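K.L.:
Please see the structure below; I have some questions.
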Amino acid sequence: MRVSGWAIAFLGFEFLFGFRCIQPAFAQNPERVIIDTDPGTDDALAILLALQSPELRVEGLTIVAGNVTVSSGLVNALKIVSLADRCDVPIAAGAQRPLRAKLNTEPFWNGPNGLGGAELPPSRCKADPRFGPDLIIELLHRYPHEITIIGIGPETNLALAILKDPTIVPLAKGVILMAGSISGGNVNGAAEFNVFCDPDAADLVFRAGWPVTMVGLDVTEVTLINSAQVSQIEQSGEAQAKFAAAVARFQIGLYQGTGFAGGAIHDAVAVGVAIDPSFVKLRAMRIDIETEGRIARGETVANRLGTVDRVLDKNDHLETVGVDEVKPNARVAINIDSDRFLKFFVSRLGANR
């Protein structure tokens with residue numbers, strides 16, 4: 001068995017391997033966040049959760065192509081924010097396609113309108129004229145070391161922001177990504193959708209050097225909402241609750257049809273971690289993105305040991321002569337208190353306002 005001290009040394013013991021005893025932010029001092037999103041059913045639920053949580057102050061929504069096209073995602077985001085009566089939040093369209101790959105949208109997983117067929121009235125809100133990555137850059141410079149980015153779509157907008165202005169990296173307080181998996185994919189056996197959509201962008205974002213928290217399929221696919229919980233949300237009678245319930249019911253029906261016991265609400269979990277990190281158990285790891293593989297393109301490859309073999313070329317053979325340390329670049333959610341998170345989610349989306 002190989003043992004390494006990398007996890008203990010990483011960032012002064014910050015990432016312990018148990019549920020973290022960190023208190024959520026208080027409403028009087030909310031956490032500033034940017035939500036980068038491709039709305040999207042679970043994105044819609046995540047956005048509503050963020051807007052209805054006093055612990056967060058949503059400074060902007062940036063729209064990226066993924067679940068739906070940017071134009072459809074922008075329309076959906078404007079309707080969701082209007083439903084929440086939050087036209088004060090800037091909503092800016094961003095990248096219309098991945099950095100290099102062909103765009104892959106998901107009408108099967110999100111319904112023809114991206115919202116599981118749930119209809120919303122026309123938005124009273126107006127789109128921000130800025131380009132999504134530019135809005136990210138502007139906000140990080142306006143509030144240095146105060147903003148956490150919550151990325152719940154492909155990482156294209158974040159990558160474009162870094163490429164245009166690398167100085168934003170140390171300005172971000174943190175980056176929470178609904179992305180990846182260390183136990184297999186959902187697009188195929190290796191890759192999770194957000195990373196699969198634009199692995200080149202994900203590679204850049206994970207290697208950027210800012211504090212990344214990866215909330216992947218390892219925790220989102222075991223956090224499944226059921227019909228009884230959806231009924232609880234609906235009981236308030238509020239328009240937002242009725243919409244959230246309709247979206248969640250679509251998720252339940254869809255996922256049960258593919259072998260799940262309930263509906264996965266992936267992106268909402270990432271927002272939950274921004275509010276209260278103790279929902280999940282985090283472990284520091286090195287995450288690399290497979291960008292070239294024929295079968296595994298888009299895989300988030302986790303180095304669990306924190307070391308790699310040191311191999312020398314001896315002309316006719318290779319020889320392992322020791323190990324080298326690999327420093328972690330992400331905190332990875334490896335477990336979740338699903339029951340507690342779902343109770344929290346239901347209480348927030350079903351609350352009377």
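K.L.:
Shape of the range 82-227 from its Cα gyration tensor (a ≥ b ≥ c, root eigenvalues): rounded if a/c is under 1.5, otherwise prolate when a/b > b/c, or oblate?
P.N.:
oblate
K.L.:
With the alpha-carbon atoms as the only input, what is the per residue convex hull volume for the range 212-288 in Å³?
P.N.:
Numbers: hull volume 8.8 nm³, N = 77.
So the per-residue hull volume is 115 Å³.
K.L.:
Kindly report, to the nearest 10 Å², the accessible surface of D276 as traced by a 1.4 Å probe over protein heavy atoms only.
P.N.:
Number for this one is 20 Å².
K.L.:
So for the chain: antiparallel DSSP bridges make up what percent, rounded to the nearest 5? Numbers along the way, then the final one.
P.N.:
On the way: 20 of 47 bridges.
Expressed as a percentage, antiparallel bridges in the chain total about 45.
K.L.:
Against the longest principal axis of the chain, how steep is helix 41-51, in degrees 0 to 90 to the nearest 10, with axes from Cα atoms?
P.N.:
Taking the Cα atoms of the chain, the angle to 41-51 is about 80 degrees.
K.L.:
Related question: For the range 273-321, state what percent of all Cα-Cα pairs lands in each successive 10 Å bin, counting from 0 Å until the bin that includes the largest distance.
P.N.:
Bin by bin from 0 Å, the calculated values are 20, 24, 37, 12, 6, 1.
K.L.:
Calculate the translational D of the chain in whole µm² s⁻¹ from Stokes-Einstein, where the hydrodynamic radius comes from the Kirkwood formula applied to all Cα pairs, the temperature is 10 °C and the viscosity 1.306 mPa s. Don't jump to the answer; show the numbers that get you there.
P.N.:
Values: Rh = 20.4 Å.
My calculation gives 78 µm²/s for D.
K.L.:
Moving to a separate point now. How many Å³ per residue does the convex hull of the Cα positions in the range 139-185 occupy? Kindly include the intermediate steps, with their values, before the conclusion.
P.N.:
Numbers: hull volume 3.9 nm³, N = 47.
Once divided by residue count, the hull of the range 139-185 is 84 Å³.
K.L.:
Please give me, ordered by residue number, the trypsin sites (Lys or Arg not before Pro) of the range 192-299 that lie in loop per DSSP and have at most 12 other Cβ atoms within 10 Å.
P.N.:
Numbers: sites: R207, K242, R249, K281, R283, R286, R294, R297; in loops: R207, R294, R297.
Loop-located and lightly packed - R294.
K.L.:
While we're on this one: Accessible area per residue of the chain at 1.4 Å probe, in Å²?
P.N.:
Heavy-atom accessible area per residue stands at 42 Å².
K.L.:
Loop by DSSP (not H, G, I, E, B), at most 11 other beta-carbon atoms within 10 Å: where is the longest site-free stretch of the chain for chymotrypsin sites (Phe, Trp or Tyr not before Pro)?
P.N.:
On the way: sites that count: F13, F26.
In short, 27-353.
K.L.:
Another question about this same structure. Can you give the Rg/Rh ratio of the range 227-353, where Rg is from the C-alpha atoms and Rh is the Kirkwood radius? Can you show the working numbers first?
P.N.:
Working: Rg = 21.6 Å, Rh = 18.2 Å.
A ratio of 1.19.
K.L.:
Okay, next question. Kindly give the semi-axes, whole Å and largest first, of the ellipsoid equivalent to the range 63-162, taking each as the square root of 5 times a Cα gyration tensor eigenvalue. Can you show the working numbers first?
P.N.:
Values: eigenvalues 100, 72, 21 Å².
Each semi-axis is the square root of five times an eigenvalue, giving 22, 19, 10 Å.
K.L.:
Also, quick follow-up: Using the Kirkwood radius over C-alpha pairs as Rh, can you work out the diffusion coefficient of the range 168-249 via Stokes-Einstein at 37 °C, viscosity 0.692 mPa s, in µm² per second?
P.N.:
Working: Rh = 15.1 Å.
Here the translational diffusion coefficient equals 218 µm²/s.
K.L.:
Points 7 angstrom from Cα along the Cβ direction at K242 and N226: gap in nanometres?
P.N.:
Reported label-point gap for K242 and N226 is 2.7 nm.
K.L.:
List, in the order given, every pair from K173/K281; K126/K343; K164/K343; K102/K173 whose Cα-Cα distance in the structure shown is over 30 Å.
P.N.:
Cα-Cα > 30 Å for K126/K343; K164/K343; K102/K173; rest within.
K.L.:
Which loop-located GluC sites (Glu not before Pro) does the range 81-185 contain, where loop means any DSSP state but H, G, I, E or B and the Cβ has at most 16 other Cβ atoms within 10 Å?
P.N.:
Details: sites: E119, E138, E146, E155; in loops: E119, E146, E155.
In loop regions of the range 81-185 (DSSP not H, G, I, E or B), the sparsely surrounded GluC sites (Glu not before Pro) are E119, E146.
K.L.:
At 1.4 Å probe size, put V230, V321 in order of accessible surface, largest to smallest.
P.N.:
Numbers: V230 0, V321 65 Å².
Output order, biggest surface exposure first: V321, V230.
The values are calculated or read from the model by the stated rules, or taken from the named source; none is laboratory data. These numbers come from a predicted model, not from an experiment. Positions of Cβ are generated from backbone atoms using ideal geometry, with glycine treated the same way; all protein chains shown enter the neighbour counts. When the accessible area is computed, the model is the full protein with side chains, heavy atoms only, and any ligands, DNA or RNA have been set aside. Shrake-Rupley method; radii C 1.70, N 1.55, O 1.52, S 1.80 Å.
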